[in-house]
1. Neighbouring Cβ atoms within 10 Å as the yardstick, rank LYS27, LYS84 fewest first.
2. Where does each of VAL55, VAL85 land when they are ranked from fewest to most other beta-carbon atoms within 10 angstrom?
3. Can you give the net charge of the other residues whose Cβ lies under 15 Å from the Cβ of GLY53, counting K and R as +1 and D and E as -1?
Amino acid sequence: MQQLLLPLLLVLVLAVPLVMSTRKQKKQQAAQQELQSSLAPGDRVMTTSGLYGTVADASGDTTIDIEIAPGVVTTWLRLAVREKVEPVVETEEDAADEVEETVEEPKIIESSSGITADEPQTTAQVAPPLEHGKK
């Protein structure tokens with residue numbers, strides 16, 4: 001009996017995490033399929049490559065049209081849609097804050113040589129361009 005206890009414990013220690021991770025993957029896949037099947041025109045989405053856009057047409061089985069800029073519609077695979085995102089809504093407070101921001105005037109710096117400049121002079125040097133292919 002003692003000899004069977006150790007292999008049984010080893011199998012349990014290895015099998016339980018494996019089963020739990022498989023269940024987690026199945027839940028994630030089901031949630032992703034639900035998301036992709038529920039896409040409708042007007043939804044704001046993010047693709048797997050990080051591109052944000054608005055669904056323009058979701059009538060295809062495997063593809064979806066996403067408007068990435070006003071008047072620019074691209075076709076994507078449905079599988080490329082990672083998640084729905086909430087549209088950015090600007091509140092009145094945000095708009096008021098942007099209006100109140102002041103623009104700083106450039107500072108005039110006078111050097112020891114008597115030359116005035118809008119920006120500080122630097123001593124940075126520009127490297128010569130690389131010549132690829134020449135040896």
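Each reported figure results from applying straightforward, stated rules to the coordinates on display, with no laboratory input. Note that the structure is predicted; figures quoted are calculated from it, not measured. Here the Cβ positions follow ideal geometry from the backbone for every residue, glycine too, while neighbour counts run over all protein chains shown.
1. Numbers: LYS27 10, LYS84 14.
Lowest count first: LYS27, LYS84.
2. If I rank by nearby Cβ atoms, fewest first, I get VAL85, VAL55.
3. After counting each charged neighbour, the total is -2.
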